[in-house]
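The values are calculated or read from the model by the stated rules, or taken from the named source; none is laboratory data. Computed from a predicted model, the values in this text were never measured in an experiment. Here the Cβ positions follow ideal geometry from the backbone for every residue, glycine too, while neighbour counts run over all protein chains shown.
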Amino acid sequence: MADDKKKRNKKKKRGNGNKKKMTTEQSEAFKSVTDWLFVGFSSPSRSSSSDDFSVTINSSSLRCGEKLVFELHSHSNRSDGFLSPSKLVERAYNNGVKVLSLTDHDTMAGIPEAVEAGRRFGVKIIPGIEISTLFGSRDSGSEEPVHILAYYGTSGPAMYDELEDFLVKIRDGRFVRGREMVLKLNKLKIPLKWEHVTRIAGKDVAPGRMHVARALLEAGYVENLRQAFTKYLHDGGPAYATGSEPMAEEAVKLICKTGGVAVLAHPWALKNHVGVIRRLKDAGLHGVEVYRSDGKLEGLSLSPSLVPSLSYYLSIWVH
Ligand SMILES: [Zn+2]
């Protein structure tokens, strides 16, 4: 599916996130998504569930002057979000989102529910994941957490079992990691209970830092979530721990192999995003996230030699 898209390059429009008319980023994402809409429709492996993906959005379905709003990075309570997948879709719908990708951390468990809700609300759902990985710096030998977004066509990933095995390992690692963070907090004389964290995460949900942060807040050890991160849980922080994340290149390659579009999430959080992008591009990375969660366009200083070689810049609108 990605072959023809890979050939397409685009120029990045410098601007301050003009929301009035469709930006170059939006038109590109629009083009990509309209392609996505039909991916898999002719696949012989498709079951009779083709109705699941029957929401079709194209330029003619928009009223004059109406914006096509994409939200391509979102989390439900299947990972560390607050809303169920269907509530999330409902909220996106109420905020005018026409195309929504559910990108829960290391799981696609919420996708069927999101697709079902998307059908009810007329919101196009792009099956996605945000994969937790590590990036090893060749210079310093240190490792840094890197999140890779994966977007799939309407029929989901090819070789689903292989992808799921990969994700199971990461999710199992999240339990080990969560316990370690609690242990570290206990050593710092914060008697947080592991059960509190798993209760917040919910049944069958692999715990993450956000769940630990919420438990800390609920138990009154911090004043707000931000403080939980700045004091204890930030990368390399006193209660930080890693799980069993794969290397970033490995994840990008697997996303490509399973027919997905691989996009680097929040590159502005990285120490050296240019180095990361350069290496991941060699592994097959298609694009980078450019809108922060406040909807502002991040002024990433991407070098001209790097920019045209990426196929996409994703416009992420959060409302
Ligand atoms: Zn992330």
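Which condition breaks for Ile129 when tested against (1) modelled with pLDDT under 95; (2) within 16 Å of the ligand (Cβ to nearest atom); (3) not aromatic (Phe, Trp, Tyr)?
With (1) modelled with pLDDT under 95; (2) within 16 Å of the ligand (Cβ to nearest atom); (3) not aromatic (Phe, Trp, Tyr) applied to Ile129, the lone miss is (1).
In this structure, is Lys271 more than 25 Å from Phe70 (Cβ to Cβ), surrounded by fewer than 23 Cβ atoms within 10 Å (Cβ to Cβ), at pLDDT 90 or above and out of contact with any Phe, Trp or Tyr (no Cβ under 8 Å at 6 or more places or on another chain)?
No; evaluated as a whole, the condition is false for this residue.
From the list Ala201, Ala228, Ala215, which one is farther than 21 Å from Gly136 by Cα and touching a Gly at 6+ places or on another chain (Cβ under 9 Å)?
Of the residues listed, the single one that is farther than 21 Å from Gly136 by Cα and touching a Gly at 6+ places or on another chain (Cβ under 9 Å) is Ala201.
Name the single residue, out of those in segment 156-184 being out of contact with any Leu (no Cβ under 6 Å at 6 or more places or on another chain) and not in a helix (DSSP H, G or I), that is nearest to the ligand (Cβ to nearest atom).
In this case the residue turns out to be Gly156.
Just need a number here: residues in segment 89-107 that are within 16 Å of the ligand (Cβ to nearest atom) and of a type outside the set (Asp, Glu).
5
Please specify each residue of segment 212-264 satisfying the condition of being β-branched (Val, Ile, Thr) and without any contact (Cβ under 8 Å) to a residue 60 or more places away in the chain.
Passing the criteria: Val212, Val222, Thr230.
If we keep just the residues of segment 236-255 that are modelled with pLDDT of 90 or more and over 11 Å from Thr133 (Cα atoms), which is farthest from the ligand (Cβ to nearest atom)?
Within segment 236-255, the match that is farthest from the ligand (Cβ to nearest atom) is Pro238.
Restricting to segment 89-105, what's the tally of residues that are crowded, with 18+ Cβ neighbours inside 10 Å and in contact with a Phe, Trp or Tyr (Cβ under 9 Å, 6 or more places away or on another chain)?
The total comes to 8.
On the basis of being without any contact (Cβ under 8 Å) to a residue 24 or more places away in the chain and more than 16 Å from the ligand (Cβ to nearest atom), does Arg119 make the cut?
Against the criterion (without any contact (Cβ under 8 Å) to a residue 24 or more places away in the chain and more than 16 Å from the ligand (Cβ to nearest atom)), Arg119 does not qualify.
Within segment 142-155, track down each residue that is assigned to a loop (DSSP other than H, G, I, E, B) and surrounded by fewer than 19 Cβ atoms within 10 Å (Cβ to Cβ).
Hit for segment 142-155 is Ser142, nothing else.
Let's see how each residue does on (1) away from the ligand (no atom under 16 Å from the Cβ); (2) within 18 Å of Ile148 (Cα to Cα); (3) at pLDDT 85 or above:
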site: Leu225; (1), (2), (3): no, no, yes
site: Gly259; (1), (2), (3): yes, yes, yes
site: Pro304; (1), (2), (3): yes, no, no
site: Leu310; (1), (2), (3): yes, yes, no
